[in-house]
1. Looking at region 155-208, send over the antiparallel percent of its DSSP beta bridges, to the nearest 5.
2. Once phi is turned into θ = phi - 60°, what whole-Hz ³J(HN,Hα) does the Karplus curve with 6.51, -1.76 and 1.60 give for every residue of region 166-183, x standing for Gly and Pro?
3. Take Trp136, Trp155 and order them by how many other Cβ atoms sit within 10 Å, fewest up front.
Amino acid sequence: MQQREELSAQRPERTAPSTLPNRRDWFNATILGGVGLALDGLLDLPAVKAASREFKLSNVSEFTTSCNFCSCGCGMIAAVRDGKLITLEGDYDHVVNRGSLCVKGMSMFPTHTSPQRLQVPRYRAPGSDRWVDITWEDAIERIAGKIRTIRDTTWIATERVGDKEVPVNRTDAFAFMGGAQNTNEECYLFQKAARLLGTVSVEHQARL
Ligand code: SF4
């Protein structure tokens, strides 16, 4: 507030003031009108405020999430009513963005509601020119099967180091990639899964 007053004091005065009401005039008129109505007993401002706040927050659950657009990993608050996402906004408590979002982050909600958004996995068979919807179970089954096949066919059990054959038990055929959206807990599980599967290649999207 202090800064805004100092800035306006530095502005040059208008030499020919306009007779048209400016934005500040409208703002003042609105406040005075509201106060006048309240004084007349026509408007119970605290009740209106309380009712609007209650309406805005009624049956709303808030969840923390993060922006999925880039590697900054800005925090967001998702408001959900009746199982439906109704708003997404910057998370003021998040250490990365302190509530702010760039234009991409701000446009995340429309991408969520877009009719063009893919909501189920799709599969294009080898040689086919079209994608078909598949179930999540089918997608997971296919991915797991491919990982298993690749792992088994590329497994390196031992490696020669100097004059010794030493066990290494790994595959160099696939990699894991995480991103800034992943939480510490998710990253812990990724690392565990990657090491158990035998890959040493674990990357972060921000390094690519
Ligand atoms: S809000 Fe912008 S800067 Fe932050 S993660 Fe999303 S795209 Fe990146």
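Bear in mind that the values in this text are calculations on the coordinates, not laboratory data. Remember, it's a predicted structure, so these values are computed and weren't measured experimentally. All Cβ positions, even for glycine, are placed from backbone atoms using ideal geometry, and neighbour counts span all protein chains on display.
1. 55 percent
2. Taking θ as phi minus 60°, the curve returns 10, x, 10, 6, 8, 10, 9, 8, 9, 9, 10, 10, x, x, 5, 6, 6, 7 Hz for region 166-183.
3. Placing the least packed residue first, the sequence is Trp136, Trp155.
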